[in-house]
C-alpha cells in the first residue's frame, strides 16, 4: 500500500513539474463595458513594483470591445495585478491578486454614480 501511495506522490510531482516547465495558461480576454475608451492596459505579477509595458496591443480599446491578452508560455506565475488607464483623463483603475490560471475573462464596468470601476472575473 505504501508503494502505491509513494508512486502516486511521485506521479503527481512529475505531472506538476511538467506543467510548470510548460508554463501556466494565464491568457485571458478583456472586455470593456465602462462606457469609455481605454488608453492602456498593464498586467504585472502581484507584488511587483513595475507595471512594465502596455499589453493592449493597439492604440486604444473602445467601449464594448473585447481584446485577447496573451502571455509567454514560459511564465508560471498565476497571481497578477491589472491596471487600466482611461483615454479621457488618464485616470486609472487597479485590481490586485487575480488568479489568471483560473480566470479566462475579465469584464470591466464603470459606475458613474459611485465613480468606481469594477471587474467581473469568469
Requested in this report: For residue 104 and residue 76, compute 0.36 nm times the residue count separating them, minus their Cα-Cα distance, and round to one decimal in nm.
Outcome: 8.5 nm
Requested in this report: Kindly provide the pair-distance distribution of segment 25-121 built from C-alpha pairs, with 10 Å bins from 0 and whole-percent values in order of increasing distance.
Outcome: 16, 54, 27, 3, 0
Report task. Only Cα pairs under 8 Å and at least 6 apart count here; give the relative contact order of segment 25-121 as a rounded whole percent. Result -> 36
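Just so you know, all these numbers are worked out from the coordinates, no wet-lab data involved. Note that this is a predicted model, so its numbers are computed, not measured.
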